[in-house]
1. For the chain, find the longest principal axis of its Cα atoms and tell me its angle to the long axis of helix 37-60, 0 to 90°, nearest 10.
2. Please give the helix 191-217 orientation as an angle from the longest Cα principal axis of the chain, in degrees from 0 to 90, rounded to the nearest 10.
3. Over its Cα atoms, what ratio of radius of gyration to 2.2 N^0.38 Å does the chain give?
4. All other residues with a Cβ under 12 Å from the Cβ of residue 144 taken together, and with Lys, Arg as +1 and Asp, Glu as -1, what is their net charge?
5. Would you mind listing how long the range 82-161 runs along its three principal axes, going by Cα atoms, in whole Å with the largest first?
6. How high is the relative contact order of the range 1-153, given as a whole-number percent (alpha carbon pairs under 8 Å, six or more residues apart)?
7. Among the lysines, which have Cα under 21 Å from the Cα of residue 54 when same-chain residues fewer than 8 positions away are ignored?
8. In this model, which of 99/146; 91/152; 94/146; 146/232; 33/91; 99/152 are farther than 22 Å apart at the alpha-carbon?
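The values are calculated or read from the model by the stated rules, or taken from the named source; none is laboratory data. Computed from a predicted structure; not experimentally measured. Backbone-built Cβ (ideal geometry, glycine too); neighbour counts: all protein chains shown. Calculation scope for accessible area: heavy atoms of the full protein, side chains included, ligands and nucleic acids excluded. Shrake-Rupley method; radii C 1.70, N 1.55, O 1.52, S 1.80 Å.
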Amino acid sequence: EQSVYIIPLAQGTVTETFFDVGDEVHAGDVLFKIDDSGAQLQLRQAQLTYNNTKNQADSALTTQQESANMQLDSGIAQIETQYVSAQASWKQAKDAYDKLDDAYDELDEAYDKVKEIWSQAKSAGLTSVSGGDVLIDQNYVDDLKKQRDEIKEQRDALGPQLNAAETAMENFGEMYEIAKKSKELSQGSGVEDTKKQLNTGLQLAGLGVDSAELALSYYQVTTPISGKVTGKNVEVHGMATSASPAYVIANDNTMNVTYNVSEAVKNTLTVGQNITVERNGVEYTGVI
């Protein structure tokens, strides 16, 4: 009656798994962990941003408006430098990813063509066939497939790095726009206006920490219900993605199985009788 598909909200390399098919779990149990090094850095960055924003606010409130504007200019220049650097990092990661993606597409297309040629050659009883500048045989087909798979593995490994670089670029971009807006609002305003603006920046930085903490929590995946593990699709050093369920948990304490039997079999069964049901090599006990 109750079955859930556990789909991670974060993606990355699985570092630990704690349960296998057939194991009993309780609500809140950690099923598996994903490499959170990138998320840890983002949280640290958000915390440093918050601390830096708070220090700037405390300092600005003790100085005159002109001093506050000078500090804002310095902050904008620093954030702009970080933003430009983050853009460059993202562009570098994006170019590397796109290059591998293009290489994979070319190899995949070539592999499909060669595989078709080789299939026809084998059907004709040939041990090899000319493919222009190359001699196509089973070894050549296998090597081409290996090259394609290696390129795909390299491309997929760059995925988390590209996502982290994009997130960093977006964060610095938002910080840069906020910093510029803060400067515009502070010009010609009194100390109270400056205080309000700095408090707004501090709240935004605090939201950045909350957001980073929430993102970090996604890398430790728990089960929302108690029950039995009926499916597991992740393994240590493998990739966890939101494309498919990582675990399937069924509350077999309330699970009903309905099935048809012949009249002769039905007459051998009674209400309250214990019975064992087997599915995918796992046995479940129940009562009629």
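1. Once rounded, the angle reads 20 degrees.
2. 20 degrees
3. Scaled against compact globular proteins, the figure is 1.55.
4. Here the count lands on -4.
5. Computed over the Cα atoms, the extents are 63, 20, 14 Å.
6. 14 percent
7. Candidates past the 8-residue exclusion: 180, 181, 183, 195, 196.
8. Beyond 22 Å: 94/146; 146/232; 33/91.
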